[in-house]
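Chemist: First, the structure itself, so that you have it in front of you.
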Ligand SMILES: Nc1ncnc2c1ncn2[C@@H]1O[C@H](COP(=O)(O)OP(=O)(O)OP(=O)(O)O)[C@@H](O)[C@H]1O
Ligand SMILES: [Mg+2]
């Protein structure tokens with residue numbers, strides 16, 4: 001809750017301190033002093049900044065996010081339109097890529113030193129060092145200019161117009177968005193599986209004649225997953241920020257696009273609403289990670305039960 | 001589970017063939033030798049003590065027998081025979097079956113030998129699902145574990161875990177070969193005595209061979225039939241306990257025995273042995289770790305060292321029931337005095 005308030009305040013202050021005002025964008029060429037005054041009055045921009053701040057908070061407390069300065073559309077409605085698009089993109093990208101990352105990491109560790117291991121290591125370094133927007137532009141170039149007609153590079157097909165088309169549209173954005181998550185998850189899991197395989201408890205289980213497969217399932221993967229959960233949580237957060245770039249490159253009408261637009265036009269309520277939504281997403285992710293860790297790591301569970309580590 | 005009971009012969013039988021024969025075993029960790037040319041054998045019903053300072057390769061030797069070594073380790077051996085089968089040539093599945101039923105290993109570090117993310121009792125049932133679990137736990141004074149089905153390893157003390165591992169690897173499994181790597185280090189004197197009694201009882205009932213690693217020479221004197229002394233990866237001396245405790249031939253063995261508190265009768269006799277006091281043969285670890293490759297590894301610390309010891313590594317010499325790696329092993333104590 002404190003975090004949310006801090007985010008709101010920060011966004012509010014930064015927006016008001018930045019030069020320019022929505023009034024110029026809004027009035028455009030028909031700008032005049034009287035017009036400005038009238039609109040400013042309507043939007044409540046004449047009040048002092050602290051006053052505006054208090055008013056905004058009060059409004060939020062009542063559950064009202066305000067309305068777009070330009071279209072007059074309520075922010076809540078805008079978010080309800082855009083958020084599911086982003087969530088779908090993020091979850092598809094995250095689920096597919098992280099699953100692949102876990103698989104690749106585990107296989108690389110089990111075939112330590114093999115060509116496949118080398119491939120995974122090189123791939124993850126490369127994937128991490130390539131900036132998303134650049135990769136996005138390359139994809140646009142390749143599929144928009146050289147290999148046309150296979151995958152759409154821009155625009156968004158709502159699910160109402162057919163699932164296959166809808167999914168086809170998701171492929172490239174999800175690819176670009178999820179690649180870093182794949183890299184990080186694969187690397188982390190490879191490392192932690194390798195580490196776990198060298199532990200005393202694996203030696204003991206082996207010396208007790210536990211079969212390799214049982215050992216991997218019961219002992220190795222389970223313990224190797226503990227650090228993975230934290231990393232996956234971080235990656236989910238990264239997907240949220242990555243979405244802002246990727247949505248703009250591929251023209252996906254999600255939260256990221258809305259956010260950039262609103263900041264560019266200094267549409268205060270919408271921009272603040274977007275940030276709020278992102279902050280809440282982050283918090284939910286964190287909560288999920290903590291719960292997952294709680295479920296998997298007995299020592300953390302202990303800590304929480306003893307009142308140690310409750311966030 | 002106990003179909004092997006018939007094959008275990010009581011100790012009183014005439015000595016049968018060796019159950020385990022290790023010949024010229026070498027183990028390297030990433031090129032650094034940890035065990036160098038160790039040969040030993042173990043009969044059914046026999047307890048072989050393994051002593052030697054920290055880092056001398058005792059645990060590595062134990063792990064090499066069952067083939068459970070970390071990824072960077074390399075094993076080389078002229079032979080590793082268990083019950084007539086060459087373990088180094090066994091397909092992995094056969095080796096796994098031998099581990100699962102015939103060889104038990106009590107690991108050295110109880111605190112880290114169970115998976116931290118699964119309750120202890122559930123892990124015990126992975127390995128032993130019999131109805132007699134309560135009984136076995138009661139034998140080591142841990143029946144209460146059954147009332148703690150959800151407790152993970154970190155909730156147990158080192159001594160409790162150690163006893164649980166003894167239950168799993170020794171009492172429940174009843175192996176033909178038991179390898180126990182310092183199985184009582186975390187136990188207090190009374191519990192240790194109780195555990196030792198259980199092991200002796202197991203030996204008397206089922207006649208397994210036991211390889212018992214320890215730093216405690218009093219325990220060796222108490223339970224072992226034979227003892228092997230390791231120094232810098234080599235087995236420098238081995239033989240019957242009575243022989244080694246009364247007439248040790250290797251200077252390192254003598255140093256070890258001289259360090260025994262002189263309260264037992266045996267100890268008093270040894271304390272009176274002429275020549276070497278603990279102070280003379282300081283057990284300095286650094287020098288031991290640097291043990292040279294050319295000559296005898298013990299030469300830098302040896303009180304009776306000869307020029308030859310620095311140049312030429314002694315080969316094992318059999319002297320009666322004793323096997324020694326020392327250039328001076330053949331000399332009489334009087335000759336040593338003159339040196
Ligand atoms: N996993 C490992 N990787 C690399 N080197 C190792 C490993 N385990 C042991 N060593 C090295 O091998 C040598 C022998 O170690 P080992 O554990 O067998 O000694 P030990 O006689 O059992 O000692 P202690 O009495 O302290 O248990 C040591 O020099 C040690 O540093
Ligand atoms: Mg050891």
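Chemist: Sequence gap at least 6, Cα distance under 8 Å: using those rules, report the relative contact order of chain A to the nearest whole percent.
Modeler: Dividing the mean separation by the residue count of chain A yields 25 percent.
Chemist: Rounded to two decimals, what ratio of Rg to Rh does the stretch B:112-268 give with C-alpha atoms and a Kirkwood Rh?
Modeler: Values: Rg = 17.7 Å, Rh = 17.2 Å.
Using only Cα positions, Rg/Rh for the stretch B:112-268 is 1.03.
Chemist: Inside 10 Å of the C-beta atoms of B:303-313, what's the mean count of C-beta atoms belonging to other chains?
Modeler: Counting other chains' Cβ atoms within 10 Å and averaging over B:303-313 gives 0.
Chemist: Let me ask something additional. Principal axis extents for the stretch A:75-305, Cα atoms only, whole Å, descending order, please.
Modeler: Cα spread of the stretch A:75-305 along its principal axes, largest to smallest: 65, 49, 32 Å.
Chemist: Compute the length gained on full extension between residue B:134 and residue B:17: take 0.36 nm times their separation in residues and subtract their Cα-Cα distance, giving the result in nm to one decimal.
Modeler: Gain in length upon complete extension: 38.5 nm.
Chemist: Just tell me how shielded A:209-222 is by partners: mean number of partner chain Cβ atoms within 10 Å of each residue's Cβ, no decimals.
Modeler: Mean partner shielding for this stretch: 3.
Chemist: With springs connecting C-alpha atoms under 10 Å apart, model chain A as a Gaussian network and identify which of A:53, A:146, A:268 has the largest mean-square fluctuation.
Modeler: It is A:146.
Chemist: Same structure, new question: Residue A:151 label point, 7 Å along Cα→Cβ, cut-off 16 Å on backbone N: hits in the stretch A:252-291?
Modeler: Counting backbone N atoms under 16 Å from the label point, the list is A:252.
Chemist: Among rounded, prolate and oblate, which fits the stretch A:105-223 when a ≥ b ≥ c are the square roots of the eigenvalues of its C-alpha gyration tensor, a/c under 1.5 means rounded, and a/b larger than b/c means prolate?
Modeler: Prolate is the answer for the stretch A:105-223, as a/c is 1.5 or above and a/b outweighs b/c.
Chemist: Considering every pair of different Cα atoms, what Kirkwood radius, in Å, is found for the protein assembly as shown?
Modeler: Values: mean 1/r = 0.0329 Å⁻¹.
Over the protein assembly as shown, the inverse of the mean reciprocal pair distance is 30.4 Å.
Chemist: Once you have the Cα-Cα distance between residue B:317 and residue B:150, take 0.36 nm times their residue separation minus that, and quote the gain in nm to one decimal.
Modeler: Difference between extended and current length: 54.6 nm.
Chemist: Using a Förster distance of 56 Å, how high is the FRET efficiency between residue A:58 and residue A:163, based on the Cβ-Cβ distance and rounded to 0.05?
Modeler: Details: r = 44 Å, r/R0 = 0.78.
Calculated transfer efficiency: 0.80.
Chemist: For the residue pair residue A:288 and residue A:34, what label-to-label distance in nm results when each label sits 7 Å from Cα along the Cα-to-beta-carbon direction?
Modeler: That separation, rounded to one decimal, is 5.5 nm.
Chemist: Between residue A:301 and residue A:81, what FRET efficiency comes out of the Förster formula 1/(1 + (r/R0)^6) with R0 = 41 Å and r the beta carbon distance, rounded to 0.05?
Modeler: FRET efficiency, residue A:81 to residue A:301: 0.55.
Chemist: OK, next. Suppose R0 equals 35 Å. What FRET efficiency, 1/(1 + (r/R0)^6) with r the Cβ-Cβ distance, do residue A:88 and residue A:213 give to the nearest 0.05?
Modeler: Numbers: r = 36 Å, r/R0 = 1.02.
Efficiency, rounded to the nearest 0.05: 0.45.
Chemist: Could you pull the Cα extents of the stretch A:60-131 along its three principal axes, largest to smallest, in whole Å?
Modeler: If we take the Cα atoms of the stretch A:60-131, the spans are 60, 21, 20 Å.
Just so you know, all these numbers are worked out from the coordinates, no wet-lab data involved. What you see is a predicted model; the values in this text were computed from it and never measured. Using ideal geometry, Cβ is built from the backbone for each residue, glycine included, and neighbour counts are taken over all protein chains shown.
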